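For reference, the structure is listed below as structure tokens.
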């Protein structure tokens, strides 16, 4: 593999994709942002602009740096528009079928030397890489949410990932001023392998009537010094995402301790997915969040 990373394509302009675009543009890379509609891309760029404006207001960034970074983000109307990228990061929904379709369409348009990365929080990098024409140039680069604030990035090698790909990914993450942790390619990697069963256990604690939403979150905030209670955190992550990660753990490791709580399944079936839909373990439609149980 030759050449360094200068242009980064990002697939998905949602919460994660726009956050990745934000830190990548600030680090001096050219960014091409793709999503299924121009409206979503515009919303993603508007989110980046608003979040950078907040950084300017709190003296974490100066206005010139913000303007410069925004000029480095360009919309990509189609996957073909990512053909000039040196690195493409897929940040689509946490659904393996969706990701596979994206890679099938992306690979023929890309420069053969380009690296493909997935921001998946739980799906096998080896399995995703095997769907592409370049498993040796495929890697997991898993950012934490919200991307501009969180210092950690998990880098995950698939079984076929070459050393050059890993070194390029490491260099990219370090230039973003993030801290890298290297995880082996097992279901949910490190952070979510530990975090999601804790959240699932908090939901079981609610399901079994051991404590109310408020009691559980207060207990973990003040008793374990967590910045956010586990049910509040589940709403922030999205209950659909929590469920899909628990399903990956349960199916991938075949251990009953990873069984998703039936109450989590029920909330997802109701479409109560947390903050993004206005209701989850809390109702966000009023002035302040109110527990729904």
Conditions (1) more than 24 Å from the chain's Cα centre (by Cα); (2) buried (at least 24 other Cβ atoms within 10 Å of the Cβ) -> residue 234 fails only (1)
Okay, helices (runs of 4 or more DSSP H) sitting entirely in region 10-123 with 1 or more residues that are at pLDDT 95 or above and within 19 Å of the chain's Cα centre (by Cα), I get 15-26, 38-57, 96-106
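Any residue at all in region 149-163 that's part of a helix (DSSP H, G or I) and more than 17 Å from residue 89 (Cβ to Cβ)? Break it down into steps so the answer makes sense when it comes.
Step one: of region 149-163, the residues part of a helix (DSSP H, G or I) are 163.
Next, only the ones that are more than 17 Å from residue 89 (Cβ to Cβ) stay: 163.
So far as region 149-163 goes, yes, one or more of its residues are part of a helix (DSSP H, G or I) and more than 17 Å from residue 89 (Cβ to Cβ).
Please pick out the residue among 253, 206, 239 that is over 30 Å from residue 24 (Cα atoms), surrounded by 15 or more Cβ atoms within 10 Å (Cβ to Cβ) and touching a residue at least 12 places away in the same chain (Cβ under 8 Å). Full working, then the answer.
On the way: 253 fails: surrounded by 15 or more Cβ atoms within 10 Å (Cβ to Cβ); 239 fails: over 30 Å from residue 24 (Cα atoms).
None of the others qualify; the one that does is 206.
For residue 173, indicate whether it is assigned to a helix (DSSP H, G or I), out of contact with any strand residue (DSSP E or B) (no Cβ under 9 Å at 6 or more places or on another chain) and free of Cβ contacts under 8 Å to residues at least 40 places away in the same chain. It would help to see each step written out before you state the result.
Numbers: assigned to a helix (DSSP H, G or I): yes; out of contact with any strand residue (DSSP E or B) (no Cβ under 9 Å at 6 or more places or on another chain): no; free of Cβ contacts under 8 Å to residues at least 40 places away in the same chain: yes.
The answer is no for residue 173.
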Matching residues in region 176-192 (free of Cβ contacts under 8 Å to residues at least 40 places away in the same chain, in a loop (DSSP other than H, G, I, E, B) and either out of contact with any strand residue (DSSP E or B) (no Cβ under 7 Å at 6 or more places or on another chain) or farther than 27 Å from residue 259 by Cα (or both)) number 1
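The values are calculated or read from the model by the stated rules, or taken from the named source; none is laboratory data. Keep in mind that this is a model prediction, so the values were computed, not measured. Using ideal geometry, Cβ is built from the backbone for each residue, glycine included, and neighbour counts are taken over all protein chains shown.
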